[in-house]
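Note sheet for the following structure.
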Amino acid sequence: MNDENSTAPVRLRAALDGIAAYTPGRPPRTPEGVESFKLSSNENPYPPLPSVRKVIDQAGARVNTYPGMDLAELREAVAAVSFVDPAMVVPGPGSSGVLQQIVAATVEPGDDVVYAWRSFEMYPILVSLADGRSVQVPLLPDGRHDLASMAAAITARTRLVLLCSPNNPTGPVITHEEAAEFLAEVPADVLVVADEAYIEFSRDPEVADMRALMERHPNLVVARTFSKAYGLAGLRVGYALAHPVVAEALAKTRMPFAVTDIAQEAAVASLQARDELFTRVEELVAERERVVASLAEAGWRLPRSEANFVWFPVGERTPAFVAACEAVGLSVRPFAGEGVRVSVGAPAANDLLIRVAREFGA
Ligand SMILES: *Cc1c(COP(=O)(O)O)cnc(C)c1O
């Protein structure tokens, strides 16, 4: 028992000892007088669209009442753009919330959850909270999932597999061929989640069409969010697409009223304003490509990013790279001993990153 627990006033679960609290991207520690940019949480640099703002303001007038429970409006709006039945859409409080619902629906104490590593920091936390066992399969050197090793890691104890495409923090996607081959090897009763938090930023023509693969694989669930491309991170809304029977199970694990009316209505308004929002996504993709090209020119060989961030595998030089970024006003996300993830932001912030990385040297 550690010191913290021996002085705790109540008995707490041992599982919590192994969990490091989720580290949110922190605001930059910048020298005084220097403009700062938060590039540590993969947030969308654009403010909400006026049409979305209006809906948020209007829904704000009704917060004395509980939100609706069935979320029918949002389910129908998502279903229409995803070409599925509304019964297959499970909204949740962010896709982190949806992932927690998925773990709650599948993992008993001691069950295995297989996922790539390094990947989304939330995965080990959610698995530990359920008393599950994380089976982390190292990424390939180019930051892609090692799907052959992941398939080999699945045993009779495996209840859940998490795929992250594009992968946070390294950036590459899983291709259609890779996903199809992998799913053919996974036992049909093991749930596979494709976490596609950044899929709207992918321009890889080979990227997996996970929704299409769901038709052949009812054990496949797609998780998406309004936090990144749609710019609603502060409202906490995401969803899963799942076989209707799985969807019904997942809905049972959602905390009642977890998705507020404000979140639901802003998400629906965002889907209605999709063309306008996707113009912004296009601009962010163009910025990513500009950053990547400039970095390549400066000698940086980075994993192929299909998301709104780039990954610098600087290993032991991580603290030095972070310090160089902070000195010019950029807050970034370090992973000690491994590297640094930097979000694509407004052009002025991206210019600073290019300058810092060039001076730092690949
Ligand atoms: C940001 C992110 C999410 C979900 O974020 P929410 O704000 O909870 O919707 C899910 N998966 C990955 C890999 C992410 O980076």
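Key figures
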| read-out | value |
| --- | --- |
| Ellipsoid semi-axes in whole angstrom, largest first, where each is sqrt(5λ) of the Cα gyration tensor of segment 1-141 | 32, 26, 20 |
| Rh (Kirkwood; distinct C-alpha pairs) - segment 66-136, Å | 13.8 |
| Cα-Cα separations in segment 113-188 greater than 17 Å, expressed as whole percent | 41 |
| Label-zone membership for segment 165-208, site R274, 7 angstrom Cα→C-beta point, backbone N under 15 Å | 199-201 |
| Estimated FRET transfer efficiency when R0 is 45 angstrom, pair A152-E289 (beta carbons, to 0.05) | 0.80 |
| Gained length - M69 relative to L16, 0.36 nm times residue gap less alpha-carbon distance | 16.0 nm |
| Relative contact order for segment 53-193, counting Cα pairs under 8 Å that sit 6 or more residues apart, in percent | 19 |
| Net dipole in debye of segment 1-133 [+1 Lys, Arg Cβ; -1 Asp, Glu Cβ; about Cα centre; nearest 20] | 340 |
| Residue (of L139, A233, I199) at the positive-pole extreme of segment 84-243, dipole from beta-carbon charges | A233 |
| Pairwise Cα inverse-distance average, inverted: Kirkwood Rh of segment 205-312 (Å) | 16.6 |
| Heavy atoms of T23: accessible area, 1.4 Å probe, square angstrom to 10 | 80 |
| Mean shadow area of the chain over all directions, Cα convex hull, nm² | 19.8 |
| Solution diffusion estimate, µm²/s, Stokes-Einstein, segment 294-352, Kirkwood Rh from C-alpha pairs, 37 °C, viscosity 0.692 mPa s | 277 |
| Value of Rg/Rh across segment 202-255 [Cα atoms, Kirkwood radius] | 1.04 |
| Charge dipole (debye, nearest 20) of the chain; +1 at Cβ of Lys and Arg, -1 at Cβ of Asp and Glu | 660 |
| Top positive-direction residue, dipole computed over segment 49-118 with Cβ charges, set V81, I102, N64 | N64 |
| Accessible surface, 1.4 Å probe, highest first, among residues T106, T7 | T7, T106 |
| Gained length - Y46 relative to R355, 0.36 nm times residue gap less alpha-carbon distance | 109.0 nm |
| Whole-number percent relative contact order across segment 202-284, with pairs defined as alpha carbons under 8 Å at least 6 apart | 24 |
| Value of relative contact order over the chain, rounded to a whole percent, pairs C-alpha under 8 Å and six or more apart | 24 |
| Segment 245-362: C-alpha gyration tensor shape, a/c 1.5 cut-off, then a/b vs b/c | prolate |
| The chain - share of DSSP beta bridges that are antiparallel (%, nearest 5) | 45 |
| Mean-position separation - Cα centroids, segment 110-130 and segment 300-362, in angstrom | 26 |
| Residues E316 and K54, FRET efficiency given R0 of 51 Å [Cβ-Cβ distance, rounded to 0.05] | 0.55 |
| Student exercise, segment 118-182 dipole from Lys, Arg, Asp, Glu Cβ charges, in Debye to nearest 20 | 280 |
| Segment 82-241: C-alpha gyration tensor shape, a/c 1.5 cut-off, then a/b vs b/c | rounded |
| Restricting segment 153-255 to trypsin sites (Lys or Arg not before Pro) in coil, as DSSP defines it, with at most 15 other Cβ within 10 Å | R157, R203 |
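The values are calculated or read from the model by the stated rules, or taken from the named source; none is laboratory data. Owing to the predicted nature of the structure, the values given are computational and were not obtained by experimental measurement. When we count neighbours, we look across all protein chains shown, and the Cβ atoms used for this are built from the backbone with ideal geometry, even at glycine. Remember, those area values only see protein heavy atoms, side chains included, never the ligands or the DNA or RNA. Shrake-Rupley method; radii C 1.70, N 1.55, O 1.52, S 1.80 Å.
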